[in-house]
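Presented below is the structure to which this report refers.
The values are calculated or read from the model by the stated rules, or taken from the named source; none is laboratory data. What you are looking at is a predicted structure, and each value in this text was computed from that prediction instead of being measured. In this analysis, Cβ positions are derived from the backbone assuming ideal geometry, glycine residues included, and neighbour counts consider all displayed protein chains. Side chains are part of the model used for accessible areas, which takes the heavy atoms of the whole protein and leaves out ligands, DNA and RNA. Shrake-Rupley method; radii C 1.70, N 1.55, O 1.52, S 1.80 Å.
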Amino acid sequence: MSAIRRKFGEDYQVVNTSQGITFSAQVKKKRQRFVEKNGRCNVQHGNLGGETSRYISDLFTTLVDLKWRWNLLIFILTYTVAWLVMAFMWWVIAYIRGDLSNSGHDSSYTPCVANVYNFPSAFLFFIETEATIGYGYRYITEKCPEGIILFLFQSLLGSIVDAFLIGCMFIKMSQPKKRAETLMFSQDAVISQRDGKLCLMFRVGNLRNSHMVSAQIRCKLIKSRQTPEGEFLPLDQCELDVGFGTGADQLFLVSPLTICHEINNKSPFFDLSQRSLKNEEFEIVVILEGIVETTGMTCQARTSYTEDEVLWGNRFLPVMSLEEGFFRVDYSQFHNTFEVPTPPHSVKEQEEKSSLTSPNPLPVAPTPSSPLLGNGGRGGRRERLLSADCADHMEDQVTRRPSKLQRMSSTREELLLRGYKTGPSLPGGKASSTGDLPLSIQRLRSSSIPAVRQGQPEEQVQLLSLDGEAEEGEVEKHRLPAAYSSIAAQTPKPVQIPLVGSRPEDNLPAKLRRMNADR
């Protein structure tokens, strides 16, 4: 339907010949364009008032901008008036000197211009002089000083008129406006996905074999809007990015190219969807500029696309094919498109939908530093957490010891293991762990081993708190539950264990080792 509408116009009828019923298509009101499809700007200037004199000050440009019919009329009138005026001046000189009455009767009389008897003969003399024809029948004599002065003025004025008018006609004929006729734009623009991104695309092509040097393309969005302050901006112009930052706007136009505008959060079409496209009113003006290779003059081609000429979910048909030894461009498919699967939602809606469906990672709150200890100083307290599994592992190691040693350490270790498993709460509702204890209390069961053995060297290791600060140790005691505090009170000093062997049995007293060996 759209193809028929473009071909035959908006006012057409679809006739069903099988049933004889005529269906009238809905006629859409023709929209006023800012730039026509051929590139002509649909703008007229009026009520200039006293500004009309500015056109006269730039007379040469004014003549070049005029249409051809006015240029030809001015060209003909200027030469005709100039020739008539100069011929009249020659006739006046002949009339004042009396050449018109005496030249034909007295052969001894020397006129100003020979063989000038009337106005037609004076006009012919001027044309022969101006065009440097020189038939030799009419000529100026040395007895006419006023004729010599007029002859010099005629030569200067003729050169000025020739330079002005001929130069104006040459510039107008060499204008590259007709070169723009061989630069093609697609009839419609399309919106579809390219490389996973929603893009607005249109196609340009060059029908000539001569190249466009330094071809560059720009796009403007023409749309009326209202500012937050209430100001209405009719036909506001907004730039559409077609690759200015990446250099994609610089074209090597030897074959048809598809120009792409990516729709993102910086694009004016960020919230444009397939449904809202039907209610929008905008116009996309495309400007293609380049230097004509043959003449070296700058050429500019323009076109525009209204909202009715933007097809959602379409893509251009390929026009390039590889032949034997060259590439062939089929311009019959230049304007054709075909439908492709395209999301009907805008880019803004897609981003909002993806942000809602994707889970957000929970923020990790920073561990607050203790108000008593602070977070500065010589490297804060390093904590070591001990789970219930570690406590069970400690129970297994205890059962491997001799029964006498188990009874000696049962009192203290039961309290410690019960604290590990039950995890009594600290003041403030926080669960306690061995990370809140000094290292000397964590390894309390080692205190049941005698500190000094006979017959062993005095090589000892003192187990100190990782804090390295007495003040921090005191603070930790206040944070311990009652069971931990009682145990810590019984062991106020660090425990010293001699390092003798690599196994735990080697560090036991001799009597206990014998008891263990009997078992």
- [ ] Rank by packing, highest mean first: peptides 150-162, 41-53, with packing defined as the count of other Cβ atoms within 10 Å averaged across residues.
- [x] 150-162, 41-53
- [ ] Could you tell me which GluC sites (Glu not before Pro) in the range 134-213 are loop residues by DSSP with no more than 11 other beta carbons within 10 angstrom of their beta carbon?
- [x] Glu142
Task: Sequence-distant residues sharing a close amide H with Asp236 (under 5 Å, placed H) - done: Lys223, Ser224, Arg225
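Take the solvent-accessible surface of the protein heavy atoms, probe 1.4 Å, and return the percent of it on the range 253-309 that carbon and sulfur atoms account for. Numbers along the way, then the final one.
On the way: 1120 of 2700 Å².
Carbon and sulfur atoms account for 41 percent of the accessible area of the range 253-309.
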Open item on the list: For Cys299, what residues show an amide H to amide H distance below 5 Å, using hydrogens built from the backbone and excluding near sequence neighbours?
Closed with: Gly290, Ile291, Val292
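With a 1.4 Å probe and every protein chain kept in, tell me what percent of the accessible surface of the range 190-229 is carbon plus sulfur.
Details: 810 of 2030 Å².
Carbon and sulfur atoms account for 40 percent of the accessible area of the range 190-229.
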Task: Nearest-0.05 FRET efficiency for Leu235 and Glu51, computed from C-beta distance (R0 22 Å) - done: 0.50
TODO: Write out the trypsin sites (Lys or Arg not before Pro) in the range 197-243 meeting two conditions: DSSP loop, and at most 16 other Cβ atoms within 10 Å of their Cβ.
DONE: Arg208
Task: ³J(HN,Hα), Karplus 6.51/-1.76/1.60, whole Hz, each residue of the range 259-274, x for Gly, Pro - done: 8, 10, 10, 6, 8, 9, 5, 9, 8, x, 9, 4, 9, 8, 10, 5
TODO: In nm, give the distance between the simple-model label positions of Cys41 and Ile127, each being 7 Å from the Cα along the Cα-to-Cβ direction.
DONE: 4.4 nm
TODO: Per residue of the range 195-212, in order, report the coupling 6.51 cos²θ - 1.76 cosθ + 1.60 (Karplus, θ = phi - 60°) as ³J(HN,Hα) in whole Hz, putting x for Gly and Pro.
DONE: 6, x, 10, 6, 9, 9, 9, 8, 10, 10, x, 10, 7, 8, 7, 6, 8, 9
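Hey, which of these cross-link pairs are over 22 Å Cα-Cα: Lys172/Lys220; Lys30/Lys348; Lys223/Lys278; Lys197/Lys223; Lys37/Lys223; Lys37/Lys178?
Details: Lys172/Lys220 28 Å; Lys30/Lys348 31 Å; Lys223/Lys278 15 Å; Lys197/Lys223 24 Å; Lys37/Lys223 17 Å; Lys37/Lys178 15 Å.
Correct reply: Lys172/Lys220; Lys30/Lys348; Lys197/Lys223.
Please work out the FRET efficiency for the pair Leu157 and Phe34, using the Cβ-Cβ distance as r and a Förster radius of 56 Å; give the result to the nearest 0.05. Each step should come with its number before you reach the end.
Numbers: r = 45 Å, r/R0 = 0.81.
That pair, Leu157 with Phe34, gives E of 0.80.
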Task: Amide H contacts of Ile263 (H built 1.01 Å from N, under 5 Å, at least 5 apart or other chain) - done: Leu198, Cys199, Leu200
- [ ] Which order do the peptides 63-73, 263-273, 321-331 take when ranked by the mean count of other beta-carbon atoms within 10 Å per residue, highest first?
- [x] 263-273, 63-73, 321-331
Open item on the list: Show me, for the range 290-307, the HN-Hα J-couplings you get by feeding each phi into the Karplus relation (A = 6.51, B = -1.76, C = 1.60, θ = phi - 60°), rounded to Hz, glycine and proline as x.
Closed with: x, 9, 5, 5, 7, 9, x, 9, 7, 10, 9, 10, 10, 7, 8, 10, 8, 5
